[in-house]
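The values are calculated or read from the model by the stated rules, or taken from the named source; none is laboratory data. Just so you know, these numbers come straight off a predicted model, no measurement behind them. Every residue, glycine among them, receives a Cβ derived from its backbone with ideal geometry; neighbour counts consider all protein chains shown. Ligands, DNA and RNA are excluded from the accessible area calculation, which covers all protein heavy atoms including side chains. Shrake-Rupley method; radii C 1.70, N 1.55, O 1.52, S 1.80 Å.
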Amino acid sequence: MDYHVKDIKLAPQGELNIAWAKSQMGALVKVQERFFKEKPLKGIVIGMALHVTKETAVLVETLQAGGAEVAITGCNPLSTQDDVAAALAKNGVKVYGWKGENTEEYYANLEAIVGHLRKGLAGGKRIATIDDGCDLVTLIHQKHADLIPQLVVGTEETTTGVIRLRAMEKDGALKCTVIAVNDNQTKHLFDNYYGTGQSTIDGILRATSILLAGKRVVVAGYGHCGRGVAKCARGMGALVTVTEVDEVKALQARMDGFESMPMKECAPIGDVFVTVTGDKHVITTEIMKLMKNGAIMCNSGHFDIEIDTAGLYKMAKKRVKVRPFMEQFELDNGKKIALLAEGRLVNLAAAEGHPSEVMSLSFCGQALAVEYGVKHKGNLPAAVISLPTDVDHDIAALQMTAMGLTKDNLTSDQIAYLSSWQEGT
Ligand code: ADE
């Protein structure tokens, strides 16, 4: 069978959700319409490891409109939307994934995607990858290196994946071209900021049903994602405290009007802790022991390493699943603290990920990155590269049109002024 999903009977609901998402993704629909006419991806098999959501389904449709064959699996064991996976499977997409995969199943599904890439090559097609977190490209480098010379291009969606790829490049281990879609301004200034901000709060509320107003929310990390979470939490009436290791960002948080202090100092006073750093063990068991009774912890960074969950499971004397994405742990000191979504991405596990409007921008970047890689095949380095800035501006322009927005344009006099140096005081 060319798919493995939870329940194919969920397809009708998935189709409704995909159509709803598509109605909010005007820019991506424009790319889809052009792809349908021009078929820039004809003859390409694309292996994807991306959250299987209603928005991702619209990206899959776009790539297919461009002439590509697509095989997809998720990039996180808890993020697949089973109705969407069923709808994709029903419509002939090779999809492998379900919500609640264990690690073994997760890697078996990634291997299934590699299998489709191999089949494509055997059939005379060319291959490309789309990753979110770099697990597919890593697997290919570690276990299927013979595929690398055939790989036209890889693309990477997220900050964590790009950091991983740059480490591979520094090590001399990266042997193919990967386009860092996260480098697009139309990606990180929107998806990471507005998307992570809103969807993280959405995940916390769906998981816990608490009131945020008046709570102290501790945000670990003040990159684009952390900034988005802090802003949205404040918008809900929370008192926000930021923890940072970078002095510039710590200062920026303070001047944005947030408290800024080390994790150890906010541990005893925080009500809700959100990690968005991309680094491991930001909340250790030592920090957990300092937390007050009733504290809630969650993560919105890509991997489940930011909160020391293994340490928590070992240390807790009692563990109770209170709600679908909330577990409570009783510690030796008598306090009860909660962990959401097993420390995995709370916004995708307990909610539905970023809203469609921002994913439209991110996924225009994905579709145009694959097109760019195919067009420039053979002329790109084995390195992590970014798309040219005019692509970014084209994406923003498409989204502005979709939203009915217009902007000013420079006069010829202004253009001349900006490229001159003679005029001063
Ligand atoms: N990453 C965050 N939100 C997402 C979504 N809705 N779809 C795909 N990837 C995502």
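Mind checking segment 350-417 for trypsin sites (Lys or Arg not before Pro) that DSSP puts in a loop (not H, G, I, E or B) and that have at most 10 other Cβ atoms within 10 Å?
Details: sites: 375, 377, 407; in loops: 377, 407.
Here the sparse-neighbourhood loop sites are 407.
For the chain, what does -39500 (n - 2.57) per DSSP helix run (n ≥ 4), summed and divided by total residues, give at 222 nm, in deg cm²/dmol to the nearest 500?
My calculation for the chain gives -13000 deg cm²/dmol from helical runs alone.
How would 319, 118, 227 line up by accessible area, probe 1.4 Å, largest first?
Ranked from most to least accessible, the order is 319, 118, 227.
Taking only the alpha-carbon atoms of the chain, what semi-axes of the equivalent ellipsoid follow from 5 times the gyration tensor eigenvalues under a square root, in whole Å, largest first?
Equivalent ellipsoid semi-axes, largest first: 35, 28, 21 Å.
Determine the share of segment 272-425's accessible area contributed by carbon and sulfur atoms, expressed in whole percent, with a 1.4 angstrom probe.
It is 52 percent, rounded to a whole number.
Provide, as a two-decimal number, the C-alpha radius of gyration of segment 249-368 over 2.2 N^0.38 Å, N being how many residues it has.
Rounded to two decimals, the normalised Rg is 1.19.
How do 103, 284 stack up against each other in accessible area, from largest to smallest, with a 1.4 angstrom probe? Walk me through the numbers before you get to the answer.
Numbers: 103 90, 284 45 Å².
Accessible-area ranking of 103, 284, largest first: 103, 284.
On average, how much accessible surface per residue is there in the chain, in Å², for a 1.4 Å probe, leaving out ligands, DNA and RNA?
Accessible surface, normalised per residue, equals 44 Å².
What's the percent breakdown of Cα-Cα distances in segment 1-70 across 10 Å bins, shortest bin first?
So the P(r) values, bin by bin, are 20, 46, 31, 3.
Out of residues 5 or more away from residue 239 or on other chains, whose amide H comes under 5 Å of its own, with H placed 1.01 Å from N in the peptide plane?
214, 215, 216, 217
Which ³J(HN,Hα) values in Hz, rounded to whole numbers, follow from the phi angles of segment 85-91 under the Karplus curve 6.51 cos²θ - 1.76 cosθ + 1.60, where θ = phi - 60° and Gly and Pro get x?
Working through the residues one at a time gives 4, 5, 5, 4, 4, 4, 8 Hz.
Keeping all protein chains in place and using 1.4 angstrom, which order do 20, 421 fall into by accessible surface area, from largest down?
Most to least solvent-accessible, the answer reads 421, 20.
What share of all Cα pairs of segment 300-425, in percent, falls into each consecutive 5 Å distance bin?
Here the calculated profile for segment 300-425 is 2, 7, 11, 10, 9, 10, 10, 9, 8, 8, 6, 4, 3, 2, 0.
Rolling a 1.4 angstrom probe over the protein chains, ignoring ligands and nucleic acids, what is the accessible area of residue 22 in square angstrom, nearest 10?
70 Å²
For the cross-link pairs 9/119; 22/99; 249/318; 125/175; 54/119; 6/249, which exceed 32 Å when the distance is taken from alpha carbon to alpha carbon? Don't skip to the answer; put the middle values down first.
Details: 9/119 28 Å; 22/99 22 Å; 249/318 38 Å; 125/175 20 Å; 54/119 27 Å; 6/249 42 Å.
Beyond 32 Å: 249/318; 6/249.
In whole percent, how big is the carbon plus sulfur part of the accessible area of segment 1-154, probe 1.4 Å, protein atoms only? Walk me through the numbers on the way to the answer.
Details: 3200 of 5860 Å².
It is 55 percent, rounded to a whole number.
Taking θ as phi - 60°, what are the ³J(HN,Hα) couplings along segment 4-18 by the Karplus curve (6.51, -1.76, 1.60), each to the nearest whole Hz, with x for Gly and Pro?
Result, rounded to whole Hz: 9, 10, 5, 7, 4, 5, 7, 4, x, 5, x, 4, 5, 5, 5.
Tell me which residues come under 5 Å, amide H to amide H, from residue 179 once H is placed; ignore anything under 5 positions away on its chain.
Sorted by chain and number, the residues that satisfy this are 154, 155, 156, 385.
Per-residue HN-Hα couplings for segment 103-115, Karplus 6.51 cos²θ - 1.76 cosθ + 1.60 at θ = phi - 60°, whole Hz, x for Gly and Pro?
Ordered by residue, 3J(HN,Hα) equals 4, 5, 5, 4, 6, 5, 5, 4, 5, 4, 5, 4, x Hz.
Please give the solvent-accessible surface of residue 94 in Å², to the nearest 10, using a probe radius of 1.4 Å with every protein chain present.
50 Å²
Could you tell me which of rounded, prolate or oblate describes segment 11-150, using a ≥ b ≥ c as the square roots of the eigenvalues of the alpha-carbon gyration tensor, with rounded for a/c under 1.5 and, failing that, prolate when a/b is larger than b/c and oblate otherwise? Mind showing how you got there, number by number?
Values: a/c = 2.01, a/b = 1.15, b/c = 1.75.
Oblate, because a/c is 1.5 or more while a/b does not exceed b/c.
Sequence-distant or interchain residues sharing an amide H contact under 5 Å with residue 296, placed H: which?
272, 273, 338
Considering only C-alpha atoms, what is the centroid distance from segment 36-75 to segment 160-227, in Å?
Distance between centres, Cα-based: 23 Å.
Just for the chain, what percent of DSSP beta bridges are antiparallel, to the closest 5?
Close to 20 percent.
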